[in-house]
1. I'd like the accessible area for VAL341: 1.4 Å probe, protein heavy atoms, all chains in place, Å² to the nearest 10.
2. Tell me which of PHE16, SER34, THR53 sits at the most positive position along the dipole axis of segment 9-55, charges placed on C-beta atoms (Lys, Arg +1; Asp, Glu -1).
3. So which trypsin sites (Lys or Arg not before Pro) in segment 8-66 are both in a DSSP loop and have at most 14 other Cβ atoms within 10 Å of their Cβ?
4. Using a Gaussian network model of the chain whose springs link C-alpha atoms within less than 10 Å, name the residue from SER181, SER163, SER34 with the highest mean-square fluctuation.
5. Filter the chymotrypsin sites (Phe, Trp or Tyr not before Pro) in segment 1-69 down to the DSSP loop ones having no more than 16 other Cβ atoms within 10 Å, then list what survives.
6. Rounded to the nearest 0.05, what FRET efficiency is calculated for ASP348 and LEU52 with R0 set to 30 Å and r the Cβ-Cβ distance?
7. Once phi is turned into ³J(HN,Hα) by the Karplus curve 6.51 cos²θ - 1.76 cosθ + 1.60 with θ = phi - 60°, what whole-Hz value does each residue of segment 44-52 show in order, with x for glycine and proline?
8. Compute the signed sum of charges (Lys and Arg +1, Asp and Glu -1) over the other residues within less than 14 Å, Cβ to Cβ, of PHE322.
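The values are calculated or read from the model by the stated rules, or taken from the named source; none is laboratory data. Everything numeric here is computed off the predicted structure, so don't read it as measured data. Cβ coordinates were reconstructed from backbone atoms using ideal geometry, including for glycine residues, and neighbour counts include every protein chain displayed. Surface accessibility is based on the protein's heavy atoms, side chains included, excluding ligands, DNA and RNA. Shrake-Rupley method; radii C 1.70, N 1.55, O 1.52, S 1.80 Å.
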Amino acid sequence: MFSAHHFHIPVMGLGFTVDSPIKVAKYGISSVVSIMDDQLLEDMRRRYSRELTIPYIAINEKEADCRAKRIEAYLDLLHYIIQRQMRELNGQDFGLDKEINQYFDLLPMDHPAAKLYLKMKNAAGFEKLDLQEELRKFLVPGRTDVNIMTKVDKTNYAKSGESLGREYSDALSALRGFAKSKLEGGLVFSAGMNPSLYSYLEEFDAFFPDKAGVIRKPVILKVSDYRSALIQGKFLAKKGIWVSEFRIESGLNCGGHAFATDGLLAGPILDAFKENRKELGLTLHQMCQEALIQKGRNVLPEGIQNKVTYQGGIGNAEENRFLMDYYQLDGTGWGSPFLLVPEATSVDEDTLQRILKAKKIGFLPESCLTPGDSFQ
């Protein structure tokens, strides 16, 4: 899917970005929603339905497959709200309304619509009106991706104490809810490989190419190094699942993990992708094509490439530009800075004040820690 920007807002916690698409997608900005807490999603669906006067029917936790149904319903609501926002945006007047102008004001300068927008502002008469109509063709919402932490996958049980079966586990239920929803965003897997979850992708057509070679719900892997990308990519390719994007985040930079890896810096990790990217793409493409042919499915387009992006620890635009240029990235993810932007994330006042008061500190030697303390 086309994206207006080179950056996205990564998933942050269970709730900080849970409604970010409603806030930023109308400006062409992509973001990621965690779908791990179905009760939170149900609460958010009730809130926004009432706020926007949208019919709401509660999904009770006693209903069969309620977790998947709640996730599907919330994602359908996001899809509906964003589509409605874009219709409203497309009908706005450049001379009177703020949001349609803000969409173009926020575009990067290398975007084809940025220069056209400046030209329109300096034009007059029929030329100005013609340019405005041309600009409306560039109004594309930011993509809404969803995140599943692969290792958060507990087995669920009926009241009788009997297991509901593997497909009703937390992660597989979340995948099913996303697969059945109207939302056509990416599925971001994080926290390592889950063979059962990855195999479950084969049950849904949305993760395979259609006749035009388009994958409606592309798979995105969040990885900490090249080796992880290669192993997981091959596992999925053998099933005919194409990894559309590798989102790299060093264990040192991920705000949610404390040294989950060997503590490698981002530079060497990105170098490995830069040096091996072409080989990685060719290997996965060949394996995936062979699997798709064996399954009798539509094949991938020739020349398709895995996107490679990086997120975590980016401090300013200059650093971002360096990463994009030197490591030849397709995009970046900006997380923590957006916690200070209420127009983009949902952060409670207490947490927001703690972030504002936070200061830079060094790490204490392990010998200085008392039982129960951690580096996080």
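1. Near enough 50 Å² of accessible area.
2. My answer, from the dipole projection, is THR53.
3. Filter output for segment 8-66: LYS62.
4. Residue with maximal mean-square fluctuation among SER181, SER163, SER34: SER163.
5. PHE2, TYR56
6. 0.85
7. Karplus-based 3J(HN,Hα) across segment 44-52 equals 5, 5, 5, 4, 6, 4, 5, 5, 9 Hz.
8. Summing Lys and Arg as +1 and Asp and Glu as -1 gives -2.
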